[in-house]
Amino acid sequence: MGRATDGFDPAKPPPAQPAAKAPTTATGTTPGAGARGAARGAVVGEVVADDPRAGAAAGAVAARGQSRRQNAAAGQQAQQQQQAASSQQQQAFGKARAACLEGKGYTVK
């Protein structure tokens, strides 16, 4: 049985590779999320309550929370895609192995 041309070895699964992440701050938010949220909140606070400071503070907090949730979801999605790719490689290897053994006269179940 020859070695697969793609270099996949089921005895040595590839190490988990970190997904390319968007830059984040130490708290896990996208840089600038708080400033953008503060700007939006200031506008809303001025219109609704005639208090842009309170609106800016609330907007910054909300934007940072949303940014953290989006970044966490993106990380989970990347991990799931990596697991699916590894599973596909395992299946392809199994098919190739079975074809090789059958070619040599063995019965593969």
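The values are calculated or read from the model by the stated rules, or taken from the named source; none is laboratory data. All figures in this text were calculated on a predicted structure; none of them were measured in a lab. Every residue, glycine among them, receives a Cβ derived from its backbone with ideal geometry; neighbour counts consider all protein chains shown.
This table checks each residue for (1) within 30 Å of Arg40 (Cα to Cα); (2) in contact with a Ser or Thr (Cβ under 8 Å, 6 or more places away or on another chain); (3) outside any helix (DSSP H, G or I); (4) among the basic types (Lys, Arg).
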{"position": "Ala58", "(1), (2), (3), (4)": "yes, no, no, no"}
{"position": "Arg69", "(1), (2), (3), (4)": "yes, no, no, yes"}
{"position": "Gly75", "(1), (2), (3), (4)": "yes, no, no, no"}
{"position": "Gln83", "(1), (2), (3), (4)": "no, no, no, no"}
{"position": "Ser86", "(1), (2), (3), (4)": "no, no, no, no"}
{"position": "Gln89", "(1), (2), (3), (4)": "no, no, no, no"}
{"position": "Val108", "(1), (2), (3), (4)": "no, no, yes, no"}
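Residues of segment 51-91 that are in contact (Cβ under 8 Å) with a residue 24 or more places away in the chain and charged (D, E, K, R): Arg64, Arg68.
Residues that are modelled with pLDDT of 70 or more, exposed (fewer than 13 other Cβ atoms within 10 Å of the Cβ) and farther than 30 Å from Lys104 by Cα within segment 1-31 comprise just one, Pro31. Residues in segment 62-76 that are within 16 Å of the chain's Cα centre (by Cα) and charged (D, E, K, R): Arg68, Arg69.
Against the criterion of being at pLDDT 75 or above and assigned to a helix (DSSP H, G or I), Ala35 does not qualify.
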